[in-house]
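The values are calculated or read from the model by the stated rules, or taken from the named source; none is laboratory data. Computed from a predicted model, the values in this text were never measured in an experiment. Cβ placement follows ideal geometry from the backbone for every residue including glycine, while neighbour counts extend to all protein chains displayed. Just so you know, the surface numbers come from the protein's heavy atoms only, side chains and all, with ligands and any DNA or RNA stripped out. Shrake-Rupley method; radii C 1.70, N 1.55, O 1.52, S 1.80 Å.
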Amino acid sequence: MENNYQLSRIHNYVNGLMSKEDMYTLEREALDDPFLQDAIDGYALQQGVDAGRLSLLQKRLAARINSQASAKNKRFYSWQRLAIGMAAAVMFVTVCTLLLIRYLPQQTAGLTEVEIMQDHVYAVTLTPDESYNGKPVGGWQQLEAYLSENYAGEQDLRVAAVVLAIDKTGKVVDIVIKDKDLADTDELLKLLENGPKWNGSAASFHLDIHRLSIQ
Amino acid sequence: MNEKELLSYYKRTGDLETLGELYAPYMSLLYGVCLKYLRDPERSQDAVMQIFEELIAKLRSHEVANLKSWLYVYARNYCLMQLRKDKRSSFVDIEENLYESEQQLRQDEDDKWDERDFKKLEDCMQGLNAEQERCVRLFYLEQLCYKDIADTTGYALNKVKSAIQNGKRNLKICMENKQNGK
């Protein structure tokens, strides 16, 4: 490299290892090149070129360049991580929102009904017809509890048989109410449609709902 | 890539490895320059590294035509600034180094000389003081190195060097004046 050549010339010059002709040539060069002249002066003050210090300097430069490169990588990876984190956060918020949308209306519906229940408390008696294969998920008792908790009709209700058709997913698809005593059954239909899921393909039960008088 | 291409590549990308490639060839010369002004190996090493740090931004924003002279001027100014900061330990008389800074970027163009120019040169030579004239003659005409001139004349080596530098400068000024006074 030109650089090393120049350096060894400086070294030889400063240490008097050069022929007079070479010294003259270098001096001539330095007269037109103050950069070279200053460098020669500098090394002369130190009594020559210290190769150890120079290689140390080269190492420092290399280390400096590498540190930048690795810092760049670090930053790159942390950006990647940040992006993943952001995506996860967005997904989390989305899921939470969906869950809230799914459950919040039911909660409020339950709340209003509880208020009504303060006026009327109903006793629900439910007798399953075992000849059908259908059963509510969670058992008959739970269905009974669900109805007595949520029924908000104005009147008592006595039904000989409620027959439900159930689809594969356990959802109630058709409800037939037999021998109702002229009472309003809309409330009951609504409760059963939104109520628990079912096992089996069809179910039937006898239902008796009557209001408890509060003294 | 040559130096010019490397420079423009660095300017575009800011790639530090490229800057290192540009800088490394001048590092030993720069270190020498720093040694001259700061007179301390540790400080000079730090200065060389610090100059590199400053180049990271400077070389992206500045159009540099001649990296070598630019680097030299930059390093020199850096060192002089350092010295100004700690005036106490100012080792270098700035006046003494004026010569270098004045001519640093000038490239000597090789004009054709005719007989009259040689006559003028001889006149100018007479105008120099005895010390400068003697040293300049020995150096440029006899082609003796500084050491031999010092031995021949009995002047100190440093004196020989500054006599030649100053003599050269004075000659140049004298020649230019005569040229303009034509």
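Here is a yes/no grid of residues against (1) more than 12 Å from chain A (Cβ to nearest Cβ); (2) touching a Leu at 6+ places or on another chain (Cβ under 8 Å); (3) at pLDDT 90 or above:
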| residue | (1), (2), (3) |
| --- | --- |
| B:Gln82 | yes, yes, no |
| B:Ser89 | yes, yes, no |
| B:Glu96 | no, no, no |
| B:Gln107 | no, no, no |
| B:Met175 | yes, yes, no |
| B:Lys178 | yes, no, no |
Checklist entry - Looking at A:Asp181, is it exposed (fewer than 13 other Cβ atoms within 10 Å of the Cβ), farther than 18 Å from A:Ser131 by Cβ and at pLDDT 85 or above? => result no
Checklist entry - So which of A:Asp208, A:Asp167 ends up being closer than 17 Å to A:Asp129 by Cα and out of contact with any Cys (no Cβ under 7 Å at 6 or more places or on another chain)? => result A:Asp208
Next on the checklist: Out of B:Leu38, B:Leu30, I need the residue that is more than 8 Å from every other protein chain (Cβ to nearest Cβ) and in contact (Cβ under 8 Å) with a residue 24 or more places away in the chain. Which one?
Outcome noted: B:Leu38
Checklist entry - Of all residues in region B:7-23, which are farther than 18 Å from B:Asn66 by Cβ and either facing chain A (nearest Cβ under 7 Å) or without any contact (Cβ under 8 Å) to a residue 12 or more places away in the chain (or both)? => result B:Arg12, B:Thr13, B:Asp15, B:Leu16, B:Glu17, B:Gly20
Checklist entry - Residues in region A:3-28 that are open to solvent by 60 Å² or more (accessible area, probe 1.4 Å) and within 7 Å of chain B (Cβ to nearest Cβ): how many? => result 1
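Residue-by-condition table, conditions (1) assigned by TED's automatic domain parsing to the domain that holds B:Thr18; (2) open to solvent by 80 Å² or more (accessible area, probe 1.4 Å); (3) in a helix (DSSP H, G or I); (4) free of Cβ contacts under 8 Å to residues at least 60 places away in the same chain:
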{"site": "B:Gln45", "(1), (2), (3), (4)": "yes, no, yes, yes"}
{"site": "B:Ile51", "(1), (2), (3), (4)": "yes, no, yes, yes"}
{"site": "B:Glu54", "(1), (2), (3), (4)": "yes, no, yes, yes"}
{"site": "B:Arg60", "(1), (2), (3), (4)": "yes, yes, yes, yes"}
{"site": "B:Val64", "(1), (2), (3), (4)": "yes, no, no, yes"}
{"site": "B:Leu71", "(1), (2), (3), (4)": "yes, no, yes, yes"}
{"site": "B:Ala75", "(1), (2), (3), (4)": "yes, no, yes, yes"}
{"site": "B:Leu80", "(1), (2), (3), (4)": "yes, no, yes, yes"}
Checklist entry - If you scan region B:119-171, which residues turn out to be in a helix (DSSP H, G or I), more than 10 Å from chain A (Cβ to nearest Cβ) and open to solvent by 70 Å² or more (accessible area, probe 1.4 Å)? => result B:Lys119, B:Glu122, B:Gln126, B:Ala130, B:Arg134, B:Leu141, B:Asp151, B:Thr152, B:Lys159
Checklist entry - In region A:29-50, what residues are open to solvent by 50 Å² or more (accessible area, probe 1.4 Å) and within 8 Å of another protein chain (Cβ to nearest Cβ)? => result A:Asp32, A:Leu45, A:Gln46, A:Asp50
